[in-house]
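Heads up: the structure comes next, in structure tokens.
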């Protein structure tokens, strides 16, 4: 095969499959293994009974996260993760029931600050990748209507079970 034939075959080859997980990296302070996080997001959505593409994740710097936290939660400091549901959802009766009710719907957006995640990972003694995955899972649970600030530990117990199922410490 000559060079021209090789180029023609490359041009005719179908594009590589694109992930159904959507993560946009809008920060430059922390190197991000994007494809690894996309694979986890796909696994988490599947484990939760959600359709691919149910959430959109944007990775932002600490300054942008502090701005978002101030604008939407009136807290003038950075945080690790914020969730922005596409609609208000009541507290779920069960994960299975909620997943069935929202199947096929877009749940909302999640913002994660990798700089803060990296600091958290160090203080909790876990890997940065695991911390990022924990934050993704945490954000998805908020989009499903769970709220650890008002539910007496229900979200935390569910999150711990899901972490074990997904191989997170």
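The values are calculated or read from the model by the stated rules, or taken from the named source; none is laboratory data. This one's a predicted model, so the numbers in the text were calculated from it and none came from an experiment. All Cβ positions, glycine included, derive from the backbone under ideal geometry; neighbour counts span all protein chains shown.
Inspect all residues belonging to segment 32-49 and state whether any of them is within 18 Å of residue 138 (Cα to Cα), surrounded by 14 or more Cβ atoms within 10 Å (Cβ to Cβ) and at pLDDT below 90.
No, segment 32-49 has no match at all.
For segment 116-131, does any single residue satisfy the condition of being free of Cβ contacts under 8 Å to residues at least 60 places away in the same chain, under 21 Å from residue 150 (Cα atoms) and crowded, with 16+ Cβ neighbours inside 10 Å?
No - not one qualifying residue is present in segment 116-131.
So which of 41, 68 ends up being farther than 25 Å from residue 165 by Cβ, touching a strand residue (DSSP E or B) at 6+ places or on another chain (Cβ under 7 Å) and outside any loop (DSSP other than H, G, I, E, B)?
68
Could you list, in sequence order, all residues of segment 148-169 that are in a loop (DSSP other than H, G, I, E, B) and either exposed (fewer than 13 other Cβ atoms within 10 Å of the Cβ) or at positive phi (or both)?
Selection gives 149, 150, 152, 153, 167, 169.
For segment 75-83, indicate whether the set of residues that are surrounded by 18 or more Cβ atoms within 10 Å (Cβ to Cβ) and over 17 Å from the mean Cα position of the chain (by Cα) is non-empty.
Yes, that holds for at least one residue.
Filter segment 110-144 down to the residues that are more than 15 Å from the chain's Cα centre (by Cα) and not in a helix (DSSP H, G or I), then identify the one that is farthest from residue 83 (Cα to Cα).
Checked segment 110-144; the qualifying residue farthest from residue 83 (Cα to Cα) is 125.
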